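**Q** Below is one structure. I have some questions about it.
The values are calculated or read from the model by the stated rules, or taken from the named source; none is laboratory data. For clarity, every value in this text was computed on a predicted model and none was experimentally measured. Counting neighbours? That spans all protein chains shown, and the Cβs are built from the backbone with ideal geometry, glycine included.
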Amino acid sequence: MQGVHRWALRFIMAVLVLPGLSHAQSSSGGDATLLDMRDAFRRNNTTQLANLLPAVRGHALEPLAIYWDMKARLESANPVDIRAALDRMAGTYWEDRLRNDWLLLLGRARDWPNFSAELPRFRMNDDRQVSCYALMLDAASGRVPPELAAERVRSLWHAQREADDGCATAAQSLLASGHLKPEAAWQRARLAVDANRPRVASQAVGLLNPEWAAMVDTVTSDPAKYLDEKITAIRPRTKELVTLAIIRLAVNDPSAAALEMDRTRWKTQLTKEERSWVWGVIGKRSAQKLETQALTHFANGEDRFMHDDHLAWKARAGMRAGAWAHVRDAVAAMSEAQQGQPDWVYWKARALQALKLPDAATASAQARTLLESIASERGFYEQLALEDLGRPITTPPAPAALTTEETTAAQRNPGLRRALIAIRLGLRSEGVREWNYTTNLHDAGGLGERELLAAAALACEAELWDRCINTSLRTPTMQDHAQRFPTPHRSAVVSRAREIGLDPAYVYGLIRQESRFVTDARSGVGASGLMQVMPATARWTARKIGLTGFQPSQITERDTNILIGTAYLKLALDDFEGSLPMAAAAYNAGPGRPRNWRNGPVLPGEIWAENIPFEETRDYVKRVLANTTSYAALLTGQPQSLRARLGTIGPRLGSDATINKDLP
């Protein structure tokens with residue numbers, strides 16, 4: 001615990017030396033009142049909030065207190081009082097947060113005069129619902145061509161997970177005017193059914209005709225029954241309902257959906273677009289099960305009618321099967337935005353190299369151009385591109401040292417100061433939001449690169465490693481790997497890793513992804529501490545390594561968390577025969593899943609990782625391995641290889657008896 005006390009002292013000193021921090025701003029009495037207001041806000045106690053507010057006047061976090069007070073009574077407050085509160089918070093995150101909340105309320109109330117008056121002052125401009133309301137008004141007034149507004153609304157609407165009001169209202173208006181086509185509502189419903197969100201599907205179809213929403217409920221609640229009722233898909237509505245029914249069937253049983261699609265009536269009654277979309281869903285779901293027939297399912301449809309998500313899984317299934325023409329075709333059919341992502345730039349290059357068309361020299365030159373466009377130390381595919389070009393992965397040169405003026409400007413930045421003070425008081429969520437707003441959104445385009453490096457340095461000095469990393473990651477051309485890949489708790493991590501035969505870079509790479517070095521971090525599922533250990537896993541591992549007297553409350557203690565987390569990681573690594581990708585997958589998703597995922601063909605590690613069915617785990621494994629490679633370069637000063645760490649992955653060579661079946 002001594003290390004924690006040193007951290008707290010250093011953090012408090014970092015805050016208190018900020019220029020211009022008055023006694024009132026850091027007084028313990030004001031701090032205590034703020035925490036009381038936080039508790040009152042959680043209870044929605046408007047009376048207590050109003051009574052406490054005068055006591056924090058002059059405190060650095062007074063804008064937060066004003067926000068709590070007004071937010072708790074926003075629905076009943078009059079515009080004059082709301083604007084007065086906004087004026088008192090002028091220039092702060094909390095001003096714009098309250099404005100965002102009010103704009104949503106005004107949109108739901110259809111109070112367009114006040115909405116239109118307040119919208120130009122909204123600096124964050126990052127709320128989909130607010131954007132949809134605004135586009136609807138712009139289309140109605142002629143400020144934006146209705147066709148352009150409709151396309152933007154469609155994109156925002158399709159990207160929303162929930163049945164929120166803003167984009168649904170805008171879509172309804174543009175559907176009524178004819179500028180948004182009915183196909184947009186049906187596609188929204190298809191995406192929702194595929195994502196197991198039937199209520200969202202019902203809302204979308206209900207915009208076309210309120211009576212149809214109940215039909216969608218019937219279809220999604222029992223798709224097999226609906227399809228067995230001798231439906232004839234002649235009318236467009238019935239065709240779409242059949243499409244939704246088979247999509248729903250495919251979510252749980254792609255083989256059953258494939259059999260359904262082979263019926264003659266659907267081959268003749270559904271359109272080519274509808275059939276292709278359904279086969280895209282069936283292929284995707286089959287590919288996520290790592291089934292060999294996935295490519296056959298995809299081949300029953302046309303790429304041009306499939307969604308980007310379907311095409312991504314077609315490409316994954318293709319690389320897994322070594323069918324590189326399928327990879328090439330799937331990437332070529334993706335939207336321009338998705339094609340431009342480093343992942344698909346890389347796999348397009350790999351497909352060109354494998355196919356050697358129109359000839360080997362031309363294909364090699366085209367692939368090299370693609371790899372050059374993404375090659376860097378920045379991420380998983382960027383690092384692989386470097387290696388494919390014959391270049392090792394090293395730590396890039398550090399940017400020029402910050403000047404005194406740059407450092408002082410960061411220290412004096414009001415938003416960063418408020419964020420540091422909030423985090424010191426235990427208001428981490430509030431402080432993080434203030435920090436992110438200040439660095440990313442307060443000014444158009446966010447802070448400049450040198451300003452971001454100075455802000456990151458301020459966070460590093462306060463040992464706020466998550467803000468240090470995330471802020472430094474925003475610099476597009478300057479890479480400061482000392483900020484992006486810090487090594488706090490170095491003695492504890494390195495000595496423990498070496499003691500049990502782990503690469504310290506691997507441990508650091510995993511911690512950076514798990515917690516960003518936030519010692520008391522807690523996940524939504526109950527994982528805790530630097531290495532985000534689950535309670536049951538902690539108890540099992542403590543028993544396994546003979547840690548007597550272990551109590552669950554100890555898991556957030558730095559040394560205990562490192563002891564247990566590294567022990568579990570080593571056990572997982574041993575169980576997976578030293579495979580870093582599989583051990584990382586086991587750490588994230590449990591060991592049973594990667595044991596299943598390894599069955600099938602022997603694959604290069606990057607293809608195996610890209611085919612992990614769970615998006616979270618797929619992203620996690622790639623990030624941990626890229627982190628590990630960057631940390632290894634930083635810790636050793638030597639060139640590194642990501643591909644060597646990925647290795648090849650296939651079925652276990654030894655007997656199943658060697659599996660550690662107790663590993664949780």
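**Q** Can you confirm whether Val533 is within 30 Å of Ala321 (Cα to Cα), among the β-branched types (Val, Ile, Thr) and in contact (Cβ under 8 Å) with a residue 12 or more places away in the chain?
**A** Numbers: within 30 Å of Ala321 (Cα to Cα): no; among the β-branched types (Val, Ile, Thr): yes; in contact (Cβ under 8 Å) with a residue 12 or more places away in the chain: yes.
Spelling it out, it is not the case that Val533 is within 30 Å of Ala321 (Cα to Cα), among the β-branched types (Val, Ile, Thr) and in contact (Cβ under 8 Å) with a residue 12 or more places away in the chain.
**Q** So for region 98-107 (the condition being out of contact with any helix residue (DSSP H, G or I) (no Cβ under 9 Å at 6 or more places or on another chain) and farther than 18 Å from Tyr437 by Cβ), does at least one residue qualify? Working first, answer last.
**A** From region 98-107, those out of contact with any helix residue (DSSP H, G or I) (no Cβ under 9 Å at 6 or more places or on another chain) are 105; that's our starting set.
Still in the running and farther than 18 Å from Tyr437 by Cβ: 105.
There is at least one residue in region 98-107 that is out of contact with any helix residue (DSSP H, G or I) (no Cβ under 9 Å at 6 or more places or on another chain) and farther than 18 Å from Tyr437 by Cβ.
Yes or no, residue by residue, for (1) among the aliphatic types (A, V, I, L, M); (2) in a loop (DSSP other than H, G, I, E, B); (3) touching a helix residue (DSSP H, G or I) at 6+ places or on another chain (Cβ under 8 Å):
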site	(1), (2), (3)
Glu291	no, yes, yes
Phe298	no, no, yes
Gly301	no, yes, yes
Ala312	yes, no, yes
Ala315	yes, no, yes
Arg328	no, no, yes
Val345	yes, no, yes
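**Q** Still on this model: Of Ala245, Ala176, Ala258, Ala168, which residue is among the aliphatic types (A, V, I, L, M), more than 25 Å from Gly301 (Cβ to Cβ), assigned to a helix (DSSP H, G or I) and more than 28 Å from the chain's Cα centre (by Cα)?
**A** Numbers: Ala245 fails: more than 25 Å from Gly301 (Cβ to Cβ); Ala258 fails: more than 25 Å from Gly301 (Cβ to Cβ); Ala168 fails: more than 28 Å from the chain's Cα centre (by Cα).
Checking each option against the conditions leaves just Ala176.
**Q** Can you name the condition, by its number, that Val80 falls short on among (1) more than 23 Å from Gly29 (Cα to Cα); (2) of a type in the set (A, V, I, L, M); (3) buried (at least 17 other Cβ atoms within 10 Å of the Cβ)?
**A** Unmet for Val80, out of (1) more than 23 Å from Gly29 (Cα to Cα); (2) of a type in the set (A, V, I, L, M); (3) buried (at least 17 other Cβ atoms within 10 Å of the Cβ): (3).
**Q** Considering every residue within region 547-560, establish whether at least one is under 15 Å from His489 (Cα atoms) and in a loop (DSSP other than H, G, I, E, B).
**A** So the first thing to find is which residues in region 547-560 are under 15 Å from His489 (Cα atoms), and the list is 556-560.
Now narrow it down to the ones that are in a loop (DSSP other than H, G, I, E, B): 557.
Taking every residue of region 547-560 in turn, at least one turns out to be under 15 Å from His489 (Cα atoms) and in a loop (DSSP other than H, G, I, E, B).
**Q** Among residues belonging to region 95-134 that are of a type in the set (S, T, N, Q), at pLDDT 95 or above and over 17 Å from Ala85 (Cα atoms), point out the one that is surrounded by the most Cβ atoms within 10 Å (Cβ to Cβ).
**A** Top of the filtered list is Gln129.
**Q** Any residue at all in region 211-225 that's without any contact (Cβ under 8 Å) to a residue 60 or more places away in the chain, over 20 Å from Glu183 (Cα atoms), in contact with a helix residue (DSSP H, G or I) (Cβ under 9 Å, 6 or more places away or on another chain) and surrounded by 17 or more Cβ atoms within 10 Å (Cβ to Cβ)?
**A** Yes.
**Q** Quick one: Gly3 ticks every box in (1) touching a Gly at 6+ places or on another chain (Cβ under 9 Å); (2) over 20 Å from Arg417 (Cα atoms); (3) modelled with pLDDT under 95 bar one, so which box is it?
**A** Among (1) touching a Gly at 6+ places or on another chain (Cβ under 9 Å); (2) over 20 Å from Arg417 (Cα atoms); (3) modelled with pLDDT under 95, the lone unmet condition for Gly3 is (1).
**Q** Hey, any hits in region 100-109 for a residue that's closer than 21 Å to Ala150 by Cα and either of a type in the set (Lys, Arg) or without any contact (Cβ under 8 Å) to a residue 40 or more places away in the chain (or both)?
**A** yes
**Q** On the given criteria, is Glu434 within 23 Å of the chain's Cα centre (by Cα), at pLDDT 95 or above and either not assigned by TED's automatic domain parsing to the domain that holds Met89 or not aliphatic (A, V, I, L, M) (or both)?
**A** Against the criterion (within 23 Å of the chain's Cα centre (by Cα), at pLDDT 95 or above and either not assigned by TED's automatic domain parsing to the domain that holds Met89 or not aliphatic (A, V, I, L, M) (or both)), Glu434 qualifies.
**Q** Kindly indicate the residue of region 240-272 that is buried (at least 20 other Cβ atoms within 10 Å of the Cβ) and not hydrophobic (A, V, I, L, M, F, W, C) and also farthest from Arg188 (Cα to Cα) among those meeting that condition.
**A** Glu260
**Q** Find the residue count for region 522-531, including only residues that are over 25 Å from Phe380 (Cα atoms) and either among the aliphatic types (A, V, I, L, M) or in a helix (DSSP H, G or I) (or both). Lay out the reasoning, then the answer.
**A** Start the filter on region 522-531 by keeping residues that are over 25 Å from Phe380 (Cα atoms), which leaves 522, 524-529.
Still in the running and either among the aliphatic types (A, V, I, L, M) or in a helix (DSSP H, G or I) (or both): 525, 527.
Qualifying residue count for the region: 2.
**Q** Inside region 273-291, can you point out the residues that are farther than 17 Å from Ala609 by Cα and surrounded by fewer than 20 Cβ atoms within 10 Å (Cβ to Cβ)?
**A** Listed by number, the list holds a single entry, Glu273.
**Q** Taking the residues in region 549-602 that are in contact with a strand residue (DSSP E or B) (Cβ under 8 Å, 6 or more places away or on another chain) and within 19 Å of Ile500 (Cβ to Cβ) as candidates, determine which candidate is surrounded by the fewest Cβ atoms within 10 Å (Cβ to Cβ).
**A** Selected residue: Ser579.
**Q** For region 40-68, what are the residues that are in a helix (DSSP H, G or I), of a type outside the set (Gly, Ala, Ser) and over 19 Å from Arg97 (Cβ atoms)?
**A** Result: Thr47, Gln48, Asn51, Leu52, Pro54.
**Q** Output yes when any residue across region 135-152 is surrounded by 13 or more Cβ atoms within 10 Å (Cβ to Cβ), basic (Lys, Arg) and either farther than 22 Å from Asn209 by Cα or touching a residue at least 24 places away in the same chain (Cβ under 8 Å) (or both), and no when none is. Quick ask: steps written out before the conclusion?
**A** Restricting attention to region 135-152, the residues satisfying the condition of being surrounded by 13 or more Cβ atoms within 10 Å (Cβ to Cβ) are 135-140, 144, 146, 148-152.
Cutting the leftovers down to basic (Lys, Arg) gives us 152.
Still in the list and also either farther than 22 Å from Asn209 by Cα or touching a residue at least 24 places away in the same chain (Cβ under 8 Å) (or both): 152.
Scanning region 135-152 turns up at least one residue that is surrounded by 13 or more Cβ atoms within 10 Å (Cβ to Cβ), basic (Lys, Arg) and either farther than 22 Å from Asn209 by Cα or touching a residue at least 24 places away in the same chain (Cβ under 8 Å) (or both).
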